[in-house]
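S.K.: Shown below is the structure under consideration.
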There are 2 protein chains.
Amino acid sequence: MSTTITLPSACDFHIHARQGVLMEMVVPQIAEGGVSLCYVMPNLKPPITSTEQALAYKAQLQKLAPNVTFLMSLYLCQELTPEEIRNAKKHGIVGVKSYPRGVTTNSESGIESYSIYYPVFKAMEEVGMILNLHGELPSDVDQDTCVMNAEEKFLVHLKQLHNDFPKLKIVLEHATTKAAVDMVKSLGDTIGCTITIHHLQLIVDDWAGQCHNFCKPVAKFPHDRQALRDIILEGHPRFFLGTDSAPHPAYLKECSHSSAGVFTTPLAIPYLATILDSFGALDCLRKFACENGKKFYGVSEEEGKYREITLIKETSLVPHLYSFDKSLEEREGSVVPFLAGKNLTWRIIN
Amino acid sequence: MSTTITLPSACDFHIHARQGVLMEMVVPQIAEGGVSLCYVMPNLKPPITSTEQALAYKAQLQKLAPNVTFLMSLYLCQELTPEEIRNAKKHGIVGVKSYPRGVTTNSESGIESYSIYYPVFKAMEEVGMILNLHGELPSDVDQDTCVMNAEEKFLVHLKQLHNDFPKLKIVLEHATTKAAVDMVKSLGDTIGCTITIHHLQLIVDDWAGQCHNFCKPVAKFPHDRQALRDIILEGHPRFFLGTDSAPHPAYLKECSHSSAGVFTTPLAIPYLATILDSFGALDCLRKFACENGKKFYGVSEEEGKYREITLIKETSLVPHLYSFDKSLEEREGSVVPFLAGKNLTWRIIN
């Protein structure tokens, strides 16, 4: 059996690059983790709602990582007009991200308010922009909706959007359930789906009392994790890597109300290779991390600044912390990565 | 509407009284929280497996709280013999607690090993001791068993035990699911069930990233919480209060691997009155907290050292911390209680 793997490039179609000192740590780690191209989330403070903001942010990122390709997105909100969509497309913005908070605006049961965005979606469909969905209904006790079924209950709305905009490319982000996998498979070629690294590893037990494994959507049942693994083993072309890597300072995790998010950027591809290897899917690494996403997004090879990476089957330890501000106390100025202190079985050697 | 409630006594049929300095803080709080009688869990270090240990522990507790009645239990393990059961009964020990760890000993799929305890259960049935079950299967990915369905999957074993020992009184501890409520209701009069304070308040969302709400069994879906509330509203006689109050120092909660447990002892009855009031069940407080449990356990009024308490409808703040060791740093020497910093609407005035 081969002990090295060479990948032509790897893409992360869902990353939180952050701002300020945290951004200055994270962005150079994208390449260290083996990723050449990433799709950047717009949920900054304030959120990125205009082309101008997106381009300014992209310039910051590009300066920190000249050899990485950054695909930019806007934050779906009521200020976003069809005109701004056309302007964004002209300036190379790739997509628009919808969060549940936006979804609930001016709507009692949440999701119905998509209809107010239909003119925007129409414009996106016409110009060829991607709609990225955080696919969860807001929790609602009266409807028995909670973090464990919020994704499954969202899926009818994905189906509806697909019916209403059959040519609009939509990505269901960070799928966590068998129901989501089945729904995406059942829909047309304009529906894609990202899967994170951590959701290939975790189940609900792993975030019960373990704040560093807590993220939204939460990891679910063992059979859900198996469905995520199976779709990668199947090599389905519309499923691809989006890490949703979301660093938070340690003190905002190890506290009474933990921030949601798992940090995987600095070791993204080593994590992924280790986990895929654990369930016999190493052969699927290339399609899942390098090919499927680019094809779905229609990114040409020429567009990307790609770097070939070579992985070797060797044990290495995940650091306990990554420091982003040495002037702060350790828990305030550093981030605990996914699987901190654990061994990975693959590492990048170039 | 009356703004005071007088209760003849209140009983907590599931309490962790701890050891050492933590015990010295917790045990006097039992009466402060409005409880006159409690059933004490045996999972100490080392666990209480003999009558002698149980009586020595009881003496420690009684010294710290002379006006509280302590009912004692043994930890189910392979060393426990039918002879020791008879000896325990003679010395006033009330029951035997089964934990999942014990359940899994010498058994691949866990629960089958109950059969090795059948001679013990037979002796318990004969002498009239209570079997207390932590009713969860161990998590098992291959069986799709995880913290969210571990209780529901256990219930067939409760039913089997009831069939095999129809006269043995069994308590399903800290029920968290509609399935558990339905199963207990469907079984005979020898099957009782405790419900904690926190499971009447929490759903899965509330422990997602909130370590102080994390306990085992975990809180589940909204419809599960509703089933717990409904059975209290129904006034069903075989359901009664068992808080499972389980204090841990704050630093063992606010960390990467949180200890499981919610601490409710110091305000037990004010918490309960506040929560029952929130869903219109204040009229059921007396049956649930004072009457049903005693009847199920067969505790006579003469046995208990009962204290009448009066609650008044007045707002009071739950402390942020309870200190048990002032010589330690705050996070090491104190416990964060349930609903820390929140308002309760009922408080005890005598």
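S.K.: How many residues does the stretch B:256-283 hold that are within 30 Å of A:HIS212 (Cβ to Cβ) and either in a loop (DSSP other than H, G, I, E, B) or within 14 Å of another protein chain (Cβ to nearest Cβ) (or both)?
M.R.: The number of residues fulfilling the criteria is 9.
S.K.: Answer yes or no as to whether B:ARG286 is of a type in the set (Lys, Arg), open to solvent by 10 Å² or more (accessible area, probe 1.4 Å) and more than 21 Å from B:ILE348 (Cβ to Cβ).
M.R.: no
S.K.: Can we say B:SER300 is small (Gly, Ala, Ser), in contact with a Gly (Cβ under 9 Å, 6 or more places away or on another chain) and without any contact (Cβ under 8 Å) to a residue 12 or more places away in the chain?
M.R.: Spelling it out, it is not the case that B:SER300 is small (Gly, Ala, Ser), in contact with a Gly (Cβ under 9 Å, 6 or more places away or on another chain) and without any contact (Cβ under 8 Å) to a residue 12 or more places away in the chain.
S.K.: Criterion first (farther than 20 Å from B:THR196 by Cβ and either part of a strand (DSSP E or B) or over 20 Å from the mean Cα position of the chain (by Cα) (or both)) does B:THR315 satisfy it?
M.R.: yes
S.K.: Scanning for something in contact with a His (Cβ under 7 Å, 6 or more places away or on another chain) and among the basic types (Lys, Arg), does the stretch B:252-271 turn up at least one residue?
M.R.: Within the stretch B:252-271, one or more residues are in contact with a His (Cβ under 7 Å, 6 or more places away or on another chain) and among the basic types (Lys, Arg).
S.K.: A:ALA179: open to solvent by less than 20 Å² (accessible area, probe 1.4 Å) and small (Gly, Ala, Ser), yes or no?
M.R.: No, not satisfied.
S.K.: Same structure again: Test of understanding: among A:GLU308, A:GLU301, A:GLU314, A:GLU330, which residue is over 30 Å from A:GLY95 (Cα atoms), at pLDDT below 95 and open to solvent by 10 Å² or more (accessible area, probe 1.4 Å)?
M.R.: Of A:GLU308, A:GLU301, A:GLU314, A:GLU330, the one residue that is over 30 Å from A:GLY95 (Cα atoms), at pLDDT below 95 and open to solvent by 10 Å² or more (accessible area, probe 1.4 Å) is A:GLU330.
S.K.: Now for a separate question. Given the criteria charged (D, E, K, R) and open to solvent by 30 Å² or more (accessible area, probe 1.4 Å), does A:ASP277 qualify? Can you show your working first?
M.R.: Working: charged (D, E, K, R): yes; open to solvent by 30 Å² or more (accessible area, probe 1.4 Å): yes.
Spelling it out, A:ASP277 is indeed charged (D, E, K, R) and open to solvent by 30 Å² or more (accessible area, probe 1.4 Å).
S.K.: Give the stretch B:147-177 a look and list any residue that's assigned to a helix (DSSP H, G or I), within 14 Å of another protein chain (Cβ to nearest Cβ) and without any contact (Cβ under 8 Å) to a residue 24 or more places away in the chain, or say none.
M.R.: B:LYS153
S.K.: Within the stretch B:218-245, restricting attention to residues that are buried (at least 24 other Cβ atoms within 10 Å of the Cβ) and part of a loop (DSSP other than H, G, I, E, B), which residue is farthest from the other protein chains (Cβ to nearest Cβ)?
M.R.: Only one residue tops the list, namely B:GLY242.
S.K.: I'd like to verify a number: residues in the stretch B:101-121 that are surrounded by 15 or more Cβ atoms within 10 Å (Cβ to Cβ) and at pLDDT 75 or above, how many?
M.R.: So the answer is 4.
S.K.: Using the structure shown, decide if A:LYS97 is open to solvent by less than 50 Å² (accessible area, probe 1.4 Å) and among the charged types (D, E, K, R).
M.R.: When the stated conditions are applied, A:LYS97 passes them.
S.K.: Residues in the stretch A:125-146: is at least one surrounded by fewer than 17 Cβ atoms within 10 Å (Cβ to Cβ), more than 12 Å from every other protein chain (Cβ to nearest Cβ), part of a loop (DSSP other than H, G, I, E, B) and under 21 Å from the mean Cα position of the chain (by Cα)?
M.R.: yes
S.K.: Given the conditions (1) open to solvent by 10 Å² or more (accessible area, probe 1.4 Å); (2) modelled with pLDDT of 95 or more; (3) farther than 16 Å from A:ASN132 by Cα, and given that A:MET1 satisfies all but one, which numbered condition is not satisfied?
M.R.: A:MET1 satisfies every listed condition except (2).
S.K.: Report yes if A:GLY209 is outside any helix (DSSP H, G or I), over 23 Å from A:LEU137 (Cβ atoms) and within 14 Å of chain B (Cβ to nearest Cβ), otherwise no.
M.R.: Spelling it out, A:GLY209 is indeed outside any helix (DSSP H, G or I), over 23 Å from A:LEU137 (Cβ atoms) and within 14 Å of chain B (Cβ to nearest Cβ).
S.K.: Give the stretch B:246-255 a look and list any residue that's within 11 Å of chain A (Cβ to nearest Cβ) and assigned to a loop (DSSP other than H, G, I, E, B), or say none.
M.R.: B:HIS248, B:LYS253, B:GLU254, B:CYS255
S.K.: Would you point out which residue out of B:LYS58, B:LYS45 is of a type in the set (Lys, Arg) and either over 25 Å from B:LYS295 (Cα atoms) or touching a helix residue (DSSP H, G or I) at 6+ places or on another chain (Cβ under 9 Å) (or both)? Step through it out loud before you land on a result.
M.R.: Values: B:LYS58 fails: either over 25 Å from B:LYS295 (Cα atoms) or touching a helix residue (DSSP H, G or I) at 6+ places or on another chain (Cβ under 9 Å) (or both).
Testing whether each residue is of a type in the set (Lys, Arg) and either over 25 Å from B:LYS295 (Cα atoms) or touching a helix residue (DSSP H, G or I) at 6+ places or on another chain (Cβ under 9 Å) (or both) leaves just B:LYS45.
S.K.: Here's a follow-up. Against the conditions (1) away from every other protein chain (no Cβ under 14 Å); (2) assigned to a helix (DSSP H, G or I); (3) within 24 Å of B:SER258 (Cα to Cα); (4) not polar (S, T, N, Q), where does A:PHE296 fall short? Just the number, please.
M.R.: Going through (1) away from every other protein chain (no Cβ under 14 Å); (2) assigned to a helix (DSSP H, G or I); (3) within 24 Å of B:SER258 (Cα to Cα); (4) not polar (S, T, N, Q) one by one, A:PHE296 breaks only (3).
The values are calculated or read from the model by the stated rules, or taken from the named source; none is laboratory data. Model, not experiment: these values are computed from the prediction. Methodologically, a virtual Cβ is constructed for each residue, glycine included, from the backbone with ideal geometry; neighbour enumeration extends over all protein chains shown. Surface areas here come from the heavy atoms of the whole protein model, side chains and all, with no ligands, DNA or RNA. Shrake-Rupley method; radii C 1.70, N 1.55, O 1.52, S 1.80 Å.
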